[in-house]
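Novice: Sharing a structure here in structure tokens format.
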Amino acid sequence: MIVPMEMTCSYAPEGDHEDPADGPRIFDVRDLSVTFNGRSVLRGVNAMALDRQVLAIVGPSGSGKSTLLRTMNRTLELTLDARVTSGDIHFKGERLYGNGTDPRLVRKRICMVHQKPVAFPMSIGENVLFGVRFHKNWNGRTKDEIIRSCLDRVGLWNEVKDRLSDPASRLSVGQLQRLCIARALANDPEAILMDEPCSALDPVSTARIEELILAMKPQLPIVIVTHNLAQARRISDQSLFLYDGQSLEQDTTERIFTHPKNGRVRDFITGKVG
Amino acid sequence: MHNAAVLSPTANMTGSETYRLSVLRDRLWRAALWFCGFIGFLLPVSIISYLVFEGIHRVSWSFLVDYPKGTPLGTQGGIWPAVEGSLALASIGLLVAFPLALGGGLYLSEYGRSQRFNETVRFLVECLAAVPSIIYGLFGYAFLVVFLKFGISLIAGGLVLALIMFPILLIAIQESLRSIDDAYREMGLSLGVTRFYLIRRVLLRKAWRGIVAGIVLAVGHAVGSAAPVLFTASIYFSKGGLGLDRPVMTLPTHLYNLVSEAISFDQAFGTALVLIAGLLIFNASATLLRRLGGGSAQ
Ligand SMILES: Nc1ncnc2c1ncn2[C@@H]1O[C@H](COP(=O)(O)OP(=O)(O)OP(=O)(O)O)[C@@H](O)[C@H]1O
Ligand SMILES: [Mg+2]
């Protein structure tokens, strides 16, 4: 079973917000533009993510979903030639692109889970501790406690508890993706970004990741890029539709998928394009 | 059966004429390639067997630990001063070259953001790797021995060997770092760590095998050649004992002297065998090290 007890208990019912848009904004993307090598890839994107909610970013291939996600924890600038040319992102009221913001601290607080899970060349346990050993966020916990609690949260503890010192590369892809999430959780992040985290996984592993997302939601806002519209519907509260570098529409997932206002969004959702 | 073949001549189970021809061509290719591969096996094995055949009766414990004796000098006795000298030269070369090459390789592969600078440096380093070793010897003599007044010495020869090893090591290190999937960098850095931490914890472990292979190549290349140390470090005879400012005997120059002065072919084959065996042992232990490092890392 993936959902640990304390998580299901602290789950806040939906009814707490009258209109979700009025809840506290965790991410507030304002008029964000990005260029690659001078070529415009995001053009004045507006988006927001609310506390205790999952935001899904959907849209056709090449529309800039990954690019937007990577601006949200300042990993975009790891790509040479990528520039944020205008706009800013506010995270809990702080400017991510303000002067003096250290991108590394942003990345510590806002973690990213990638499409392709990667095992670092060390043991399973050490993989979990990768960020902790750098950021020193032990907070009085021993390394065994951190490994156990993080692996427990992603439902991997029982599967690997007897081989924590084995190389992480021996895990299956689905297990590895959960290990990557555990590794991110060990950073004590305040939000998690996921870029098509299930696209390399089989249906069973996908279902486990989806359960995990729903279990993490009460503590952590999650932004997920997905190609899978059914998945977006299953797990997200808000959906943002990106098209050719522009944010065409954002609304509750319910409304986006039943009554989209924008014609392009409607075409995409009904499968006419994309 | 025959009827079926007539009905659909290309779809039967024996295959058409052209199909069988291409199968035959494939077999011929295979044989030709096998032969080329076999040469790669035959050449080293026959050279080494020949050296063993000619030299093994010379090699003994005392051959390894004695200094050269007899008249002319070298017809009797052993080669210890040359063994010691070559080991010292290789160690100095590696100690000087490895940190510099590691730094350079890491910079070019992980930090350098200017494509033009990276390409220029890489081009120059490749040129450096292509310079014949006798030129390094000449440079070492003119610059280190004469101009800097090091004299013919262990340190001058060691530095020349470092110069020879540097480009080989740098290219190997840069290449093995470059072959690591960028997903490791993206994933590591997205957890908010520094590049240095990522390099230390992840990239160097992934690149380990390639780096060790580079060390083997560089050391083998440097230790085996006589030209770079001929006018910078080596002396005709020494009773052993090392000093940075003193010249040494080396295996390749000793071998060169034994043959060119027609002192003793027997002793020369013995020396060659010791040199080759030393490099093989070094190679094998590096391979073992690579396995061990890789085993815990993969
Ligand atoms: N490193 C890069 N250099 C140059 N252009 C890039 C780079 N990465 C992405 N792009 C361009 O930016 C645009 C948006 O790419 P992005 O990866 O954000 O799209 P996406 O919506 O995530 O697509 P997909 O669904 O296929 O993952 C594309 O046109 C792409 O070609
Ligand atoms: Mg993408």
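The values are calculated or read from the model by the stated rules, or taken from the named source; none is laboratory data. Since we're looking at a predicted model, the values are computed, not measured. Positions of Cβ are backbone-derived with ideal geometry, glycine not excepted, and every protein chain shown enters the neighbour counts. To get the accessible areas, we keep the full protein, side chains included, count just its heavy atoms, and leave off ligands, DNA and RNA. Shrake-Rupley method; radii C 1.70, N 1.55, O 1.52, S 1.80 Å.
Novice: If I filter segment A:139-168 down to residues being out of contact with any Leu (no Cβ under 7 Å at 6 or more places or on another chain) and under 15 Å from A:A184 (Cα atoms), which single residue comes out as least open to solvent (accessible area, probe 1.4 Å)? Write out each step before concluding.
Specialist: Initially, segment A:139-168 is screened for residues out of contact with any Leu (no Cβ under 7 Å at 6 or more places or on another chain), giving A:139-142, A:144-145, A:148-149, A:151-152, A:158-159, A:161-167.
Keeping just the survivors that are under 15 Å from A:A184 (Cα atoms) gives A:148-149, A:151-152.
Numbers: A:R148: 121, A:S149: 51, A:L151: 0, A:D152: 70 Å².
Ranking the candidates gives A:L151 first.
Novice: Which residue pairs have Cβ atoms closer than 7 Å, lie 6 or more positions apart in sequence or on different chains, and pair a first residue in segment A:247-274 that is among the hydroxyl-bearing types (S, T, Y) with a second residue that is part of a strand (DSSP E or B) and at pLDDT 85 or above?
Specialist: Close Cβ pairs satisfying both conditions: A:S247/A:V45; A:S247/A:N46; A:S247/A:A47; A:S247/A:L240; A:T252/A:Q238; A:T253/A:A56; A:T253/A:Q238; A:T253/A:S239.
Novice: What about A:G87, is it within 9 Å of ligand 1 (Cβ to nearest atom) and touching a residue at least 12 places away in the same chain (Cβ under 8 Å)? Give the steps one after another, and end with the answer.
Specialist: On the way: within 9 Å of ligand 1 (Cβ to nearest atom): no; touching a residue at least 12 places away in the same chain (Cβ under 8 Å): yes.
Considered against the rule, which asks whether it is within 9 Å of ligand 1 (Cβ to nearest atom) and touching a residue at least 12 places away in the same chain (Cβ under 8 Å), A:G87 comes out as no.
Novice: Do we find that A:K92 is away from ligand 1 (no atom under 16 Å from the Cβ) and touching a residue at least 24 places away in the same chain (Cβ under 8 Å) in this structure? Walk me through how you get there before you give the answer.
Specialist: On the way: away from ligand 1 (no atom under 16 Å from the Cβ): yes; touching a residue at least 24 places away in the same chain (Cβ under 8 Å): yes.
Yes.
Novice: Give me a count of the residues in segment B:254-277 that are open to solvent by 60 Å² or more (accessible area, probe 1.4 Å), in a loop (DSSP other than H, G, I, E, B) and hydrophobic (A, V, I, L, M, F, W, C).
Specialist: Qualifying residue count for the region: 1.
Novice: Would you mind stating whether B:S22 is at pLDDT below 90 and open to solvent by less than 60 Å² (accessible area, probe 1.4 Å)? Walk me through how you get there before you give the answer.
Specialist: On the way: at pLDDT below 90: no; open to solvent by less than 60 Å² (accessible area, probe 1.4 Å): yes.
Criteria not met by B:S22.
Novice: Checking B:I235 against (1) over 24 Å from B:S91 (Cα atoms); (2) at pLDDT below 90, which single condition isn't satisfied?
Specialist: (1)
Novice: Determine which single condition A:M112 fails, assuming it passes every other condition in (1) of a type outside the set (D, E); (2) over 21 Å from A:F241 (Cα atoms); (3) within 16 Å of ligand 1 (Cβ to nearest atom); (4) assigned to a strand (DSSP E or B).
Specialist: The single condition A:M112 does not satisfy is (2).
Novice: Taking segment A:123-138 on its own, how many of its residues are open to solvent by 50 Å² or more (accessible area, probe 1.4 Å), within 14 Å of chain B (Cβ to nearest Cβ) and assigned to a loop (DSSP other than H, G, I, E, B)?
Specialist: Residues in segment A:123-138 being open to solvent by 50 Å² or more (accessible area, probe 1.4 Å), within 14 Å of chain B (Cβ to nearest Cβ) and assigned to a loop (DSSP other than H, G, I, E, B): 1 in total.
Novice: Inspect segment B:60-79 for any residue being surrounded by fewer than 18 Cβ atoms within 10 Å (Cβ to Cβ) and more than 27 Å from B:S153 (Cα to Cα) and give the result as yes or no.
Specialist: Checking segment B:60-79: at least one residue is surrounded by fewer than 18 Cβ atoms within 10 Å (Cβ to Cβ) and more than 27 Å from B:S153 (Cα to Cα).
Novice: So, of the residues in segment A:219-236 that are touching a strand residue (DSSP E or B) at 6+ places or on another chain (Cβ under 8 Å) and of a type in the set (G, A, S), which turns out to be nearest to ligand 1 (Cβ to nearest atom)?
Specialist: If we take residues in segment A:219-236 being touching a strand residue (DSSP E or B) at 6+ places or on another chain (Cβ under 8 Å) and of a type in the set (G, A, S), then A:A232 is nearest to ligand 1 (Cβ to nearest atom).
Novice: Looking at A:I57, is it among the β-branched types (V, I, T), more than 16 Å from ligand 1 (Cβ to nearest atom) and in contact (Cβ under 8 Å) with a residue 60 or more places away in the chain?
Specialist: Details: among the β-branched types (V, I, T): yes; more than 16 Å from ligand 1 (Cβ to nearest atom): no; in contact (Cβ under 8 Å) with a residue 60 or more places away in the chain: yes.
So A:I57 fails the test.
Novice: Let me ask something else. Select from segment A:173-218 the residues that are within 12 Å of chain B (Cβ to nearest Cβ) and among the polar types (S, T, N, Q) and write down the one among them that is nearest to ligand 1 (Cβ to nearest atom).
Specialist: For segment A:173-218, the residue satisfying everything is A:Q177.
Novice: Turning to a different aspect of this structure: Of the residues B:L204, B:L230, which is open to solvent by 10 Å² or more (accessible area, probe 1.4 Å), within 14 Å of chain A (Cβ to nearest Cβ) and aliphatic (A, V, I, L, M)?
Specialist: Selected residue: B:L204, the only one of B:L204, B:L230 that is open to solvent by 10 Å² or more (accessible area, probe 1.4 Å), within 14 Å of chain A (Cβ to nearest Cβ) and aliphatic (A, V, I, L, M).
Novice: Another one. Restricting attention to segment A:95-114, which residues are of a type in the set (D, E, K, R), away from chain B (no Cβ under 11 Å) and touching a residue at least 12 places away in the same chain (Cβ under 8 Å)? Steps first, answer last, please.
Specialist: The initial filter retains those residues of segment A:95-114 that are of a type in the set (D, E, K, R), namely A:95, A:102, A:104, A:107-109.
Filter once more, keeping what is away from chain B (no Cβ under 11 Å): A:95.
Within segment A:95-114, no residue meets the criteria.
Novice: Within segment B:31-44, is even one residue part of a helix (DSSP H, G or I), under 30 Å from B:L159 (Cβ atoms) and open to solvent by 50 Å² or more (accessible area, probe 1.4 Å)?
Specialist: Within segment B:31-44, not a single residue is part of a helix (DSSP H, G or I), under 30 Å from B:L159 (Cβ atoms) and open to solvent by 50 Å² or more (accessible area, probe 1.4 Å).
Novice: Same structure again: Restricting attention to segment A:85-94, and to residues there that are in a strand (DSSP E or B) and open to solvent by 60 Å² or more (accessible area, probe 1.4 Å), which single residue is farthest from the other protein chains (Cβ to nearest Cβ)?
Specialist: Step one: filter segment A:85-94 for residues in a strand (DSSP E or B), giving A:85-91, A:94.
Right, trim to open to solvent by 60 Å² or more (accessible area, probe 1.4 Å) and you get A:85, A:94.
Numbers: A:T85: 19, A:E94: 15 Å.
Selected residue: A:T85.
Novice: When residues of segment A:69-82 are filtered for being under 23 Å from A:M48 (Cβ atoms) and within 11 Å of ligand 1 (Cβ to nearest atom), how many remain? Before you say what the answer is, go through the steps one by one.
Specialist: Kept after step one, since they are under 23 Å from A:M48 (Cβ atoms), are these residues of segment A:69-82: A:69-77, A:82.
Subset that is within 11 Å of ligand 1 (Cβ to nearest atom): A:69-71, A:76, A:82.
Within segment A:69-82, residues that are under 23 Å from A:M48 (Cβ atoms) and within 11 Å of ligand 1 (Cβ to nearest atom) number 5.
Novice: If the Cβ limit is 8 Å and pairs must be 6+ apart or interchain, which residue in segment A:225-236 that is open to solvent by 60 Å² or more (accessible area, probe 1.4 Å) pairs with which residue that is among the acidic types (D, E) and more than 16 Å from ligand 1 (Cβ to nearest atom)?
Specialist: A:R234/A:E210
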